[in-house]
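S.K.: Okay, handing you the structure first.
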Amino acid sequence: MADEDLDLVLHLGDYVYEGGIPADGGYRQVPTPEVLRTAPRDVERWRMQYALYKSDPDLRAAHARFPWAVTRDDHEVQNDYANTRSQYEGDISALRAAAYQAWYEHQPVRAPARPGPAGPRIYRRLK
């Protein structure tokens with residue numbers, strides 16, 4: 001993507017996935033530490049998830065080259081959740097708060113997108 005001539009990258013979510021990372025790093029085939037094997041459950045582990053994803057050289061080049069407009073999707077917290085409820089675990093309020101905090105810290109978003117009681121604001125107008 002970094003070799004393209006783009007005006008803007010519009011990223012519509014699923015920047016990270018909510019699962020653990022295999023020992024071989026999955027698709028990238030880069031060994032990963034044991035701490036990444038389990039799914040993120042707190043803000044520190046979510047931060048590690050973003051840090052690992054953002055260490056990809058191609059992704060780093062695309063972020064350096066183009067402006068990005070981002071939003072989130074269910075995988076930034078847990079697949080198929082709604083508000084603070086998950087079909088798998090019930091109340092995921094703490095998980096959602098941790099995931100949104102890490103999302104805000106690692107994405108190019110403005111202050112109004114900061115997480116609050118209802119999560120971050122995920123919309124805005126661009127001209």
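S.K.: Among ALA102, ALA51, ALA64, ALA98, which is of a type in the set (A, V, I, L, M), under 18 Å from ASP14 (Cα atoms) and surrounded by fewer than 17 Cβ atoms within 10 Å (Cβ to Cβ)? Full working, then the answer.
M.R.: Details: ALA102 fails: surrounded by fewer than 17 Cβ atoms within 10 Å (Cβ to Cβ); ALA64 fails: under 18 Å from ASP14 (Cα atoms); ALA98 fails: surrounded by fewer than 17 Cβ atoms within 10 Å (Cβ to Cβ).
It is ALA51.
S.K.: Same structure, new question: I'm trying to understand the selection: among the residues of region 34-48, which are of a type in the set (A, V, I, L, M) and exposed (fewer than 14 other Cβ atoms within 10 Å of the Cβ)?
M.R.: VAL35
S.K.: Show the residue pairs that are 6+ apart or on different chains and have beta-carbon atoms under 6 Å apart, the first residue being within region 63-74 and of a type in the set (Ser, Thr, Tyr), the second being surrounded by 14 or more Cβ atoms within 10 Å (Cβ to Cβ).
M.R.: Listed by first residue and then by second, the contacts come to THR71/GLY13; THR71/ILE122.
S.K.: Is there any pair linking a residue in region 81-107 that is part of a helix (DSSP H, G or I) to one that is among the charged types (D, E, K, R) and buried (at least 20 other Cβ atoms within 10 Å of the Cβ), with Cβ under 7 Å and at least six apart or on different chains, and which?
M.R.: ALA99/GLU76; TRP103/ARG72; TRP103/GLU76
S.K.: Going by the conditions given, is PRO112 modelled with pLDDT under 80 and farther than 30 Å from ASP7 by Cα?
M.R.: Spelling it out, it is not the case that PRO112 is modelled with pLDDT under 80 and farther than 30 Å from ASP7 by Cα.
S.K.: What do you reckon, is ALA2 assigned to a loop (DSSP other than H, G, I, E, B) and more than 23 Å from ARG121 (Cα to Cα)?
M.R.: On the way: assigned to a loop (DSSP other than H, G, I, E, B): yes; more than 23 Å from ARG121 (Cα to Cα): yes.
When the stated conditions are applied, ALA2 passes them.
S.K.: Specify which of the listed residues (PRO31, PRO22) is exposed (fewer than 11 other Cβ atoms within 10 Å of the Cβ) and more than 23 Å from ILE122 (Cα to Cα).
M.R.: Criteria check complete, one pass: PRO31.
S.K.: If I ask for residues that are touching a residue at least 24 places away in the same chain (Cβ under 8 Å) and among the small types (Gly, Ala, Ser), which ones from region 9-24 would you list?
M.R.: Hit for region 9-24 is GLY13, nothing else.
S.K.: Could I ask something else about it? Here are some residues: ASP24, ASP7, ASP56. Which one is among the acidic types (Asp, Glu) and within 15 Å of VAL70 (Cα to Cα)?
M.R.: ASP7
The values are calculated or read from the model by the stated rules, or taken from the named source; none is laboratory data. Nothing here was measured: the structure is a model prediction, and the numbers come from that model. Cβ sites come from the backbone with ideal geometry, for glycine too, and all protein chains shown count toward neighbours.
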